[in-house]
Structure formats: C-alpha cells, structure tokens
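Right, one structure below, let's go through it.
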C-alpha cells in the first residue's frame with residue numbers, strides 16, 4: 001500500500017491505565033486515568049501537524065491497532081471526548097483481534113473487553129496499599145488503609161511518585177498479580193472512554209468513520225493456558241510448557257529440518273487427540289474463541305452496522321506451519337501481522353512458522369493483503 005506508517009509509543013500497564021483518587025487534579029481528561037489513550041491522542045495531533053512533511057495526507061489518517069491496540073482504537077472511536085471534536089483526528093479505523101464490550105452487552109458467560117470503573121478503582125487502591133506493605137510502611141491491608149486515611153491526596157501522590165518504575169512494577173507482579181489485579185485496560189470514566197462503549201455506538205455517539213476489523217481463525221491457540229479458568233473449557237491449562245520453555249524452543253527451532261518437537265510435548269493428554277470433537281485441543285480453543293474474541297467482535301460490528309454501512313471484516317486462515325505447529329498454533333492470534341506488513345524477518349514465532357516450502361504461498365498472500 002502507498003502509505004506512511006507511524007508507529008506510536010504509549011504508556012503501558014499501570015503507567016498507562018491507573019484509577020486512583022489521590023492522583024486527581026480536577027481536570028476531567030487527566031483524571032480519567034487513561035494515560036495510554038491520551039498518549040495516542042497526542043500522537044494523532046502530531047500526525048495532523050506534521051505528516052505532510054513526510055509525504056502523508058492529514059485528511060486521510062487511518063488509526064490501526066491489534067489486540068490491546070484494537071481495544072484502544074475502539075475506545076477512541078467511541079470516546080465522548082473524541083466524538084465531540086469538531087474536526088476528527090482520524091478518518092478510517094482498522095481494529096485487529098480486539099473489542100470494546102462490557103459485560104452488559106455480551107451474552108452470558110462471554111469475556112468482556114471493558115471492566116467496570118469500580119474494578120479499576122479497586123486496583124488503584126490495591127496498588128497504593130500493597131506499595132505501603134511492600135516497603136514496610138504498613139504491615140497489612142488494614143494498616144495500609146489506616147495510613148492512607150491519615151494522609152492528604154497530595155501526600156499520597158507524592159509517595160507513589162517517589163517510587164521507581166521497577167518498584168511499582170515489582171509490586172504489580174508479585175503482589176497484585178496473585179490477587180488477580182495486575183491487568184491494564186481502558187477505564188470507562190465517561191469522558192475519555194465511554195461508560196458503555198457499545199451502547200454509545202448504537203446511539204450514534206461515536207466517531208463515524210469506515211471500519212475494517214480482522215481476526216485470525218485460531219485466535220485462542222495462543223492462550224491455551226486459559227482453558228484452566230472454566231470447567232467448560234477443560235479446567236486445566238492446555239499448555240505443558242511455560243513461557244520460558246516456549247521462547248527457548250522457538251528461538252532455536254530449525255523449520256526446514258525434520259520435526260524436532262511433538263504435539264505431546266506441548267498439549268496435555270486430556271486435550272489429545274487434538275482434533276477430537278468437543279474435548280480436543282482445537283475444539284476447546286474454538287470454544288474459548290466463541291466466548292471471547294468472537295463475542296466481542298460480533299458485539300462491536302453489529303453495533304456499527306446498525307449505524308453505518310462502511311464496515312468490513314476479514315478472517316485470516318493461513319496455517320501452513322510445519323508440524324506440529326500447524327495444530328498447536330495454526331492461524332493463531334498475531335499470526336496475521338507479518339502478512340499485513342510484509343515482514344517475515346526474525347520474530348518470536350518466525351522459526352516455527354516460516355519455511356522454504358511455505359515461502360511462495362505466504363509471500364503471495366502477503367502481497368494481496370498489503371494492496
């Protein structure tokens with residue numbers, strides 16, 4: 001495609017999304033806690049000012065995101081702040097493998113892309129409390145709450161800002177993680193992020209631009225550990241190897257040599273044979289996809305189609321990986337990205353995905369996808 005690509009950096013984790021009363025300033029935008037999204041907005045403003053100098057057209061800006069990035073771009077599409085701008089900062093939107101649904105608009109049991117504001121308030125309070133415990137200021141949560149209650153918001157803000165990034169991230173990983181409170185996602189504050197993004201889209205309160213969405217056929221084969229979260233998915237992890245083992249194997253794999261790994265090394269016996277209906281690895285992955293990626297995709301696209309005709313969707317099915325990875329991963333989450341950008345160079349999964357045998361076909365498909 002004849003395009004100028006601007007890759008945006010934005011704050012991640014608690015630095016990108018943090019809801020905490022002590023940090024409030026009285027400015028509704030700053031107080032939203034959606035610092036990552038505001039970084040993206042600043043980048044879009046830069047593009048408007050400067051892209052002409054790079055040969056780009058400020059009147060033809062496409063905002064694109066994948067996975068968490070798709071959540072972010074959908075959040076900006078339905079943002080009250082962005083919808084209120086008299087001149088839009090983007091004119092097309094591409095969202096790959098993500099959604100912006102709350103539980104209110106999804107079928108029962110589906111996994112939402114947006115959690116209630118109360119969840120983020122609790123996580124912000126937990127970060128403060130666990131930081132006080134980690135450095136010995138308090139001995140337990142009761143003591144941490146009592147300590148915080150005796151300090152002003154300015155004092156608490158100064159306390160957190162006095163922590164190094166490593167200290168805060170260690171607290172998140174070691175203390176909030178075991179509590180299930182380490183996640184980071186758009187916070188539905190009602191200004192930067194709509195309180196119910198899908199409801200706002202259905203009501204016509206969003207940035208009305210053409211939308212292209214995309215998914216891979218086997219999104220959830222990248223996340224088989226999540227089979228453990230529900231009995232209906234099997235109740236145990238679908239991966240025998242931890243991340244370190246996966247990364248080590250993937251980095252040294254010889255894709256054009258005879259297979260050096262077996263599916264039995266990766267997938268627990270409970271999910272084998274992999275193609276067994278209902279209980280096999282592929283069927284469990286499809287069920288996880290149904291309640292997660294497919295659910296949030298259908299929700300946002302149905303909402304958009306109720307307001308505009310310029311909505312498209314593609315599904316990426318390429319799965320010509322060498323065995324056993326054609327089954328273990330198939331057309332997994334993120335596996336469309338090398339094709340979209342025409343970049344088959346070194347990456348985490350390149351050595352288990354790309355062979356000389358599949359080179360002609362993948363290059364041809366990539367050329368079509370980039371047009």
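Only the coordinates and a few stated rules stand behind these numbers; no lab work does. On a predicted model such as this, the values are computed, not experimentally measured, just so you know. As a convention, Cβ positions derive from the backbone with ideal geometry for all residues, glycine included, and neighbour counts pool all protein chains shown.
List of remarks:
- Close pairs from segment 134-157: first more than 21 Å from residue 172 (Cβ to Cβ), partner surrounded by 14 or more Cβ atoms within 10 Å (Cβ to Cβ), Cβ under 6 Å, at least 6 apart: 153/22
- Scanning segment 272-303 for residues that are surrounded by 15 or more Cβ atoms within 10 Å (Cβ to Cβ) and under 14 Å from residue 213 (Cβ atoms) yields a count of 10.
- Just one of the listed residues (334, 355) is out of contact with any strand residue (DSSP E or B) (no Cβ under 8 Å at 6 or more places or on another chain) and touching a residue at least 12 places away in the same chain (Cβ under 8 Å), namely 355.
- Within segment 252-276, the set of residues being in contact with a helix residue (DSSP H, G or I) (Cβ under 7 Å, 6 or more places away or on another chain) and within 11 Å of residue 351 (Cα to Cα) comprises 253, 255.
Each row is one residue, and each column tells you yes or no for (1) surrounded by 18 or more Cβ atoms within 10 Å (Cβ to Cβ); (2) in contact with a strand residue (DSSP E or B) (Cβ under 7 Å, 6 or more places away or on another chain); (3) in a loop (DSSP other than H, G, I, E, B).
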site	(1), (2), (3)
65	yes, yes, no
73	yes, yes, no
88	no, no, yes
107	no, no, yes
110	yes, no, yes
119	no, no, no
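- Tally, over segment 126-175, of residues that are within 18 Å of residue 12 (Cβ to Cβ) and not in a helix (DSSP H, G or I): 2
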